[in-house]
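Asker: Please find one structure pasted underneath; my questions will follow.
What follows draws every value from the coordinates through simple rules; no lab data is involved. Since this is a predicted model, take the numbers as computed values, not measurements. Here the Cβ is made from the backbone with ideal geometry for all residues, glycine too, and neighbour counts use every protein chain on show.
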């Protein structure tokens, strides 16, 4: 089998590294950048500090503070129009996955005409945009190091993604101090998002030894540090480790890709407005248990990273059950609600189950699974 | 502390992947490439197969088959003149570190005037060259994924390196089938080179969590598969694992850098014409034992990757001694000769010891070490 290793984003990491944004953007040769963030980030002062830092390095800025969660195509197209009219020569995104995906969508449209939905899917021949610097303020998405942006298609009512070199950052700046203010609930939701990237890419059919090494490291780190970051958001070491794990998981799934957990997540997210990380996590233990039928060697690795010891001759079923329990324990330890606690009626869950197999990412599921089995998983996870 | 993660080369890997060279070079937009290799590779038919593969994809080729070990600056400059005169728009290097470093040196000189020694050291502002595709045929150098080329300076009689984005490959193609013919002695020598990259970068002062993850994976893989590849060169799984470990170690040391083992290796190599991997390995156990005085947490990781169990409260001295023994056992298991067996007189070793501290890489040693201590290490390793 021939495998490909792709997409690695140079990055700088450490407390205070976001204060090098101006210097780094100048080094890239940019003179006027679009700064992309949401109003919440403006309110806590993080956006202003970085904008000021850019000004101090002589960089002109145009601010787009209208980022919305699950970035709608219409919002991205409006922002891209501003970028083109202002003739910016660089983009700086500050925030979680929504801000970063918005920036990527804008970059797609800088030299390719809208609408963005024309470019959903793998795109090899898009015209390049401008240099992009991404500064994540959550530890989950990993979007700062991936080659894809997830956009909500308002006319179709679903999410889809552009996968292209145009979506790859020129530089990621990972400053754990920016994540200190993240409330426990969001720390947990974004943390389990990173966890789902790691365990799904490890068991995905595009996984390779490099993505495996990164995924294993990420799982190990998340198991150790997510509960600490959740209980004590001011623990800077926990914040740094989670930012790192999130980046590793992002690198891993850019290579190994994610699968069923994310198809479930996208479906629940679209129908019940559950935060992405939570939606991906609710049935993750069941997904990995099922994966163990064929991918038991990989699921065994997940157990090891989670500190679960297994007998040498454990069967795929035993490995799967152990992984399910360990993942559930970890997810519960940071109080991620199950579907019942989220207030989703059981009947509604039964109705959306068949839609999971229609998710655009379902093709990546590394094993055959009938729609009825997906429904069974969701019901088993409903109040687990 | 703010750390940087740099230089990742996209790669494809797998048996037969070298037969995609033509397709990949065409995708890069190249029409006429310089193919760089040595006469040995021509003799075994590997070079011709790849040249033919390029022709089949409509790529014109100019061959430079004059690669010499420890590439001399004069040879690199001659090859670069050919490249400029022939107006090539891409470079394909096939071989070990010498072929790949020659290709990098040529690329430096495509748009920057010779001599190459002008560019030794870290170079941020060199004019870019052409796309480069590297196809390693040994598992050791990792040069296919690094940003540096090591060149022998004929006028000064030493080795130095150019570190620059101009030295970074556009694509690495890792085909384990090309390493099947490597004789046991070279399998061992190149394998311990990869080992030294991994253990030195792990204990180096530029190490970061990403280089650590890659280095640990590489050490673990080398410990398991190098003895197998050495005993049975036809074991394709062992060849594949070693090629992978070598690449991981290359990525690790591009970030974490190497230190004292390589300064010793360069010095012994320059004075006694010992193959690079062997020269770096002869005192590696002593180097890591010494590193344990300050870097005992990292040396403990090395022990774990080598399968050595240590008590939780092991002292730095105990950790260092365990690492020394385990590394020596691994190195001996593939019959790497010690300095006595290499026929280097004890008196000569005493004489070169002070020169180790003059090596251009000595500045990277992460701890203070007097020249007398280096001499002591070399004497202790002399017939170990």
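Asker: I'd like the FRET efficiency for residue A:117 and residue A:315, computed as 1/(1 + (r/R0)^6) with the beta carbon distance as r and R0 of 35 Å, rounded to 0.05.
Answerer: Efficiency computed from Cβ-Cβ geometry: 0.15.
Asker: Quick one: of the DSSP bridges fully inside chain B, what percent are antiparallel, nearest 5?
Answerer: Roughly 20 percent of the beta bridges in chain B run antiparallel, per DSSP.
Asker: Sticking with this one: Could you give the angle, 0 to 90 degrees to the nearest 10, between helix B:46-56's Cα long axis and the longest principal axis of the Cα atoms of chain B?
Answerer: Between helix and principal axis, roughly 40 degrees.
Asker: Can you give the angle from 0 to 90° between the axis of helix A:209-231 and the longest principal axis of chain A, with both taken from C-alpha atoms, to the nearest 10?
Answerer: 90 degrees
Asker: Counting only the backbone N, which residues of region B:279-293 are under 20 Å from the spot 7 Å out from the Cα of residue B:383 toward its beta-carbon?
Answerer: Those under the cut-off are B:282-286.
Asker: Report, largest value first, the span of the C-alpha coordinates of region B:63-143 along each principal axis, in whole Å.
Answerer: 31, 28, 22 Å, listed from the longest principal axis down.
Asker: Also, I was wondering about something else. Measure of size requested: the Rg and Dmax of region B:11-179, with Cα atoms as the atom set and Å as the unit; please supply both.
Answerer: Answer for region B:11-179, Rg first and Dmax second: 14.4, 43 Å.
Asker: I need the shape label for region B:42-96. Rule: rounded when a/c is under 1.5, else prolate if a/b > b/c, else oblate, with a, b, c from the alpha carbon gyration tensor.
Answerer: Since a/c reaches 1.5 but b/c is at least a/b, the shape of region B:42-96 is classed as oblate.
Asker: Once you treat every alpha carbon in the protein assembly as shown as an equal point and sum by Debye, what is log10 I(q)/I(0) at q = 0.06 Å⁻¹?
Answerer: Scattering profile of the protein assembly as shown, log10 relative to I(0): -0.37.
Asker: In Å, what Rg and Dmax follow from the Cα atoms of region B:92-189?
Answerer: Calculated on Cα positions, Rg and Dmax stand at 13.9, 42 Å.
Asker: For region A:154-208, just say rounded, prolate or oblate: build the C-alpha gyration tensor, square-root its eigenvalues into a ≥ b ≥ c, call rounded for a/c under 1.5, and beyond that prolate if a/b exceeds b/c, oblate if not.
Answerer: rounded
Asker: Ok, one more. Report, please, the projected area of region A:1-85 averaged over directions, based on the convex hull of its C-alpha atoms, in nm².
Answerer: 8.4 nm²
Asker: If you scale each eigenvalue of the Cα gyration tensor by 5 and take the root, what three semi-axes come out for region A:324-384, rounded to whole angstrom and sorted largest first?
Answerer: Gyration-tensor ellipsoid for region A:324-384: 22, 16, 10 Å.
Asker: Let me ask another. Given axes a ≥ b ≥ c from the Cα gyration tensor, I'd like to know whether region A:279-366 is rounded (a/c under 1.5), prolate (a/b larger than b/c) or oblate.
Answerer: Judged from the Cα gyration tensor, region A:279-366 comes out oblate (a/c at least 1.5, b/c at or above a/b).
Asker: Over the Cα atoms, compute the radius of gyration (one decimal) and Dmax (the largest Cα-Cα distance, rounded to a whole number) for region B:184-381, in Å.
Answerer: Here Rg and the maximum Cα pair distance are 15.5, 45 Å.
Asker: Say each of residue B:373 and residue A:363 gets a label point 7 Å from the Cα, pointing the same way as Cα to Cβ; how far apart are those two points in nm?
Answerer: 5.9 nm
Asker: Here's a follow-up. Given labels modelled 7 Å from the Cα in the Cβ direction, how far is it in nm from residue A:231 to residue B:346?
Answerer: According to this spin-label approximation, the distance is 5.9 nm.
Asker: Evaluate the distance, in nm, between pseudo-label points positioned 7 Å from the Cα of residue A:78 and of residue B:57 along their respective Cα→Cβ axes.
Answerer: Result for the modelled spin labels: 4.6 nm.
Asker: Also, I was wondering about something else. Once the piece of chain linking residue A:332 and residue A:44 is laid out straight, how much longer is it, given 0.36 nm per residue of separation minus the C-alpha distance between them?
Answerer: Extending this stretch completely gives an extra 100.7 nm.
Asker: Rounded to the nearest 500 deg cm²/dmol, what is the calculated helix-only ellipticity per residue at 222 nm for chain A, with -39500 (n - 2.57) per DSSP H run of length n ≥ 4?
Answerer: -16500 deg cm²/dmol
Asker: Here's another thing I want to ask about it. Find the Rg to Rh ratio for region A:105-263, where Rh is the Kirkwood radius over alpha-carbon pairs and Rg uses the same atoms.
Answerer: Looking at region A:105-263, the ratio lands at 0.99.
Asker: Dividing the alpha-carbon Rg of region B:167-245 by 2.2 N^0.38 Å yields what? Don't skip to the end; give the middle numbers.
Answerer: Numbers: Rg = 13.1 Å, N = 79, 2.2 N^0.38 = 11.6 Å.
Taking N as the residue count of region B:167-245, the ratio is 1.13.
Asker: Please list the three semi-axes, largest first and in whole Å, of the ellipsoid equivalent to chain B, using sqrt of 5 times the eigenvalues of its alpha carbon gyration tensor.
Answerer: 34, 22, 19
Asker: While we're on this one: Per residue, what volume in Å³ does the convex hull of the Cα atoms of region B:228-312 enclose?
Answerer: 128 Å³
Asker: Provide A:259, B:220 in ascending order of the number of other Cβ atoms located within 10 Å of each residue's Cβ, fewest first.
Answerer: B:220, A:259
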